[in-house]
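A.B. asks: Following this message is one structure expressed as structure tokens.
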Amino acid sequence: MTSEEAANELSGIRIVAAPLYEESKILHDPHVAARQMLNTVEGFDQPIPIVASPVYITGLQDTRSRLAPVGHDTLRLMREAGYDSPTISRLSREGIVNLGG
């Protein structure tokens, strides 16, 4: 059974449902594009597209274009978890953690 068939069956018995998209479909969906739901995360070998939440609350600031860069909080979180500076530096050099910028 496809995702669309399952959603139709559930809808038929009054359960709110919608088909799940595969990545290739959602990245090219005109509705997703019209609602400006696609963002890009930088900081990897190549930019990675992600889909923003479809839920927007009127009156709240739209944060879709303000994604934190990769590694933005990593250093602070590692220190809070008890890692010392030499260990954090070594893990960063070895490519195990990304400290951003």
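A.B. asks: Pairs only if they're at least six apart or on different chains, beta carbon under 9 angstrom, first in region 56-73 and among the hydrophobic types (A, V, I, L, M, F, W, C), second surrounded by 12 or more Cβ atoms within 10 Å (Cβ to Cβ) and at pLDDT below 75; list them, first residue then second.
C.D. replies: The qualifying pairs are VAL70/GLY43.
A.B. asks: Can you name every residue in region 3-17 that is surrounded by fewer than 13 Cβ atoms within 10 Å (Cβ to Cβ) and among the hydrophobic types (A, V, I, L, M, F, W, C)?
C.D. replies: Those that are surrounded by fewer than 13 Cβ atoms within 10 Å (Cβ to Cβ) and among the hydrophobic types (A, V, I, L, M, F, W, C): ILE13, ILE15, VAL16.
A.B. asks: A further question follows. Here are GLY43, GLY95: which of them is modelled with pLDDT under 85, of a type outside the set (Ser, Thr, Tyr) and not in a helix (DSSP H, G or I)?
C.D. replies: Just one listed residue meets the conditions, GLY43.
A.B. asks: Would you tally the residues in region 1-42 being among the charged types (D, E, K, R) and under 18 Å from the mean Cα position of the chain (by Cα)?
C.D. replies: Residues that pass the stated criteria total 6.
A.B. asks: Continuing with this model, one more query. Any residue in region 50-61 that is outside any loop (DSSP other than H, G, I, E, B), outside the structural domain of ASN98 (by TED's automatic domain parsing) and modelled with pLDDT of 85 or more?
C.D. replies: no
A.B. asks: Looking for whichever is out of contact with any Phe, Trp or Tyr (no Cβ under 7 Å at 6 or more places or on another chain) and surrounded by 13 or more Cβ atoms within 10 Å (Cβ to Cβ) here; the options are LEU38, LEU77. Which one fits?
C.D. replies: LEU38
The values are calculated or read from the model by the stated rules, or taken from the named source; none is laboratory data. Predicted, not measured: the structure shown is a model, and the values here were computed from it. Don't worry about glycine lacking a Cβ; one is built from the backbone with ideal geometry, like all the others, and counts go over all protein chains shown.
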